[in-house]
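Just so it is clear, none of the values below were taken in a lab; they were calculated from the coordinates. Please read these numbers as outputs of a predicted model, since none were measured by experiment. With ideal geometry, Cβ positions are generated from the backbone for all residues, glycine too; neighbour counts draw on all protein chains shown.
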Amino acid sequence: MSVLDGIYLLLGLMFAAAAWFNLRDRSDPRHLRRAAFWALYSATFLFGTWLPPFVVGCLAIGMAILAGIGLGKAGAAEPTEIERRAGASRFGNRLFVPALLIPLVTVLGTVLLQNYTPGGKPLVEMKDATLVALGLSVIVALAAGLYMLRQPVAVPLTESRRLVDAVGPVVALPQLLAVLGAMFALAGVGQIVAKEVSWFIPVDSAGMVVTAYCVGMALFTLVMGNAFAAFPVMTAGIGLPLIVKLHGGDAAIMGALGMLAGYSGTLMTPLAANFNIVPAALLELPDQNGVIKVQIPTGLALLVVNTLLMYFLVFRF
Amino acid sequence: MSLLLTLIGVVIVILGFALRLNPLLVVVAAAVATGLAAGIDLTGIVTEFGRAFTQNRYMALVWLTLPVIGMLEKNGLKERAQALIARVGAATTGRLLMLYLLIRQITASLGLTAFGGHAAMVRPLVAPMAEAAAENRYGELPPDTRFLIRAHAAAIDNIGLFYGEDIFIAIGSVLLIKAFLDQSGYPLTPLQIALWAIPTAIAALAIQLFRLWRLDRRLQRELGKKS
């Protein structure tokens, strides 16, 4: 078992607590569905490392079905205003300490874990450093918070239950979208789209080729939800053969600006759920596309900027 | 034709999201349909489902911050953040978000992408402060204004991150570009790639600062009479 597996266990326990509190809370008739949903999600973290993929697949599909029939509104009571005001005046700026410990310890921990290699071997795998550091930062912040605010140990769990219920099944959406991306890759969806699109590009105009590549990156990201998935497909289909080989453009500039053109798509798509839908739920916006709507003007403006930059730079260096 | 059939998943996703069906159900339906159209059997699809679901567990790690954030919220973290902002007379919603944008983009460009985030920073600190800055000036906010400010706070976190991190040489996107161009016969160093992200980073910062300046003007115009 790796350190990261241990951190997934903590996450599993957190969701298990959410399931338990929902099971016991009879104030809402749909509490059992919520309990079942969080129990299934919890199982994917508690046992995910050891369960066969087929079983995890069944758990995930079960979660989607439960979400489809509806989990109802959150049951947990919000902390009262009196309680919050009392805490604010009692603890003052000490409240910021645990909150700021999370990013600070994450950043410090990442740097340490990546550079401290006793006996030439890193403590955790390089790619896991940030994730492990995030897990450790939460443990540190939790300990500091419990101690400084003299809170009962159950409070973090009842509060995380309140918050996961408030966010709802969207909690699992980024992961399910990653599954969809994997399925698209397996079926070769990207290659098919790139092939169909490339029929329509007037290849002898450098400007048209650059526009097709940049707009293609953005549109493709819009549909795939992820610029990383769009990049290899669009670059192999349009970028390299048309911009670099046919018109003699610079590969580094094409790559860097092409990826950034894709980010315009990320800003505008509900499929980039972790950036767009999850924060809307976290901030309790009534419109799940509220964040996207604010981002669209910036996304479009930057797509124009990126296309122009590529057109003026890529053939010059 | 059979090739085009594999695009059925894309169609399901677009229709499902447009019709506002439950997103989890839409995504699962699209994944199953895509798998079937590509000729994978149901067992194979469910297995691939589980494999990718487990492989992407890391995406859920942000939720681990919720016990801390919830405990602090219960004890008045938002109220305290709002009180702090009330003492800064020059604070406006736009200026506060400008400051967060600068911090987010600069730290991300140094590779410190963990410094920020919607769960750890925006919900407990940035959004309440941005709302409080408007409340101090204009009194109680109409719900739509409140939601607009929150949406801007969330957008700032994304934009600062996206257009900051690409300047850093050891970030996933730069390494992906490098790996892909390497195997296509164009060996490059990460620095050669990261360098060309700088003009866009500056443009993104300028556009967003301008939009936040306009947000302040809009708040002034819509709510200013009351003060």
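Here are the numbers for the structure shown:
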quantity: Rounded if a/c under 1.5, otherwise prolate or oblate - region B:90-141, Cα gyration tensor axes; calculated: oblate
quantity: Förster radius 45 Å - calculated FRET efficiency between A:Arg94 and A:Thr117, Cβ distance, rounded to 0.05; calculated: 0.80
quantity: Within chain A, helix-based [θ] at 222 nm, where runs of 4 or more DSSP H residues each add -39,500 (n - 2.57), nearest 500; calculated: -23500 deg cm²/dmol
quantity: Rounded tilt (10° steps) of B:127-138 against the dominant C-alpha axis of chain B; calculated: 30 degrees
quantity: Diffusion constant of region B:113-227 at 20 °C, which comes from Stokes-Einstein with the Kirkwood Cα-pair radius and 1.002 mPa s, µm²/s; calculated: 130 µm²/s
quantity: B:Arg214-A:Asp5 FRET efficiency (beta carbon distance; Förster radius 60 Å; 0.05 resolution); calculated: 0.80
quantity: Region B:100-179 and region B:1-62: distance between their alpha carbon centers, rounded to Å; calculated: 30 Å
quantity: Shielding of B:201-208 by partner chains, average beta-carbon count, 10 Å; calculated: 4
quantity: Computed over region B:1-106: relative contact order in percent, which uses C-alpha pairs under 8 Å that are six or more apart; calculated: 17 percent
quantity: For region A:1-99: rounded, prolate or oblate by the Cα gyration tensor [a/c cutoff 1.5]; calculated: oblate
quantity: Selection of chymotrypsin sites (Phe, Trp or Tyr not before Pro), region A:107-198, meeting DSSP coil and at most 13 other Cβ within 10 Å; calculated: A:Tyr116
quantity: Which of B:His118, A:His247 has the fewest Cβ neighbours within 10 Å, and the rest in rising order; calculated: A:His247, B:His118
quantity: Computed label-point distance, nm, for sites A:Val304 and B:Leu42 using a 7 Å Cα→Cβ extension; calculated: 5.1 nm
quantity: Projected label distance in nm at A:Trp20 and A:Lys245, using a 7 Å step from Cα toward the beta-carbon; calculated: 6.0 nm
quantity: At R0 = 51 Å, FRET efficiency that the Cβ-Cβ distance of A:Trp50 and A:Ile296 yields, to 0.05; calculated: 0.70
quantity: With at most 12 neighbouring Cβ atoms within 10 Å, loop trypsin sites (Lys or Arg not before Pro) (DSSP) excluded, longest segment of chain B; calculated: B:88-227
quantity: Equivalent ellipsoid semi-axes, region A:181-317, via Cα gyration tensor eigenvalues times 5, rooted, Å; calculated: 28, 17, 11
quantity: Within 10 Å of each Cβ in A:184-192, the average number of Cβ atoms from other chains; calculated: 6
quantity: GNM flexibility winner over chain B from B:Leu15, B:Leu209, B:Leu148 (Cα, springs under 10 Å); calculated: B:Leu15
quantity: Footprinting exposure proxy for A:Trp20, A:Trp199, A:Trp38 (fewest neighbouring C-beta atoms within 10 Å first); calculated: A:Trp199, A:Trp20, A:Trp38
quantity: Mean shadow area of chain B over all directions, Cα convex hull, nm²; calculated: 17.0 nm²
quantity: Vicinal HN-Hα couplings computed from phi for region B:73-83 (Karplus, 6.51 cos²θ - 1.76 cosθ + 1.60; Hz; Gly/Pro x); calculated: 4, 4, 9, x, 4, 4, 4, 5, 4, 5, 5
quantity: Stretch gain in nm, segment B:Leu110-B:Leu21, where the contour uses 0.36 nm per residue and the Cα spacing is subtracted; calculated: 28.1 nm
quantity: Separation in nanometres of the label points that stand 7 Å from Cα toward Cβ, at B:Ala83 and A:Ile139; calculated: 3.3 nm
quantity: Rg ratio (alpha-carbon, reference 2.2 N^0.38 Å) - the protein assembly as shown; calculated: 0.97
quantity: Inter-chain Cβ neighbour average for residues A:136-145, partner chain, 10 Å; calculated: 4
quantity: Scaled radius of gyration (Cα, divided by 2.2 N^0.38 Å) that region A:154-217 gives; calculated: 1.97
quantity: Percentage of interatomic Cα-Cα distances in chain A larger than 35 Å; calculated: 36 percent
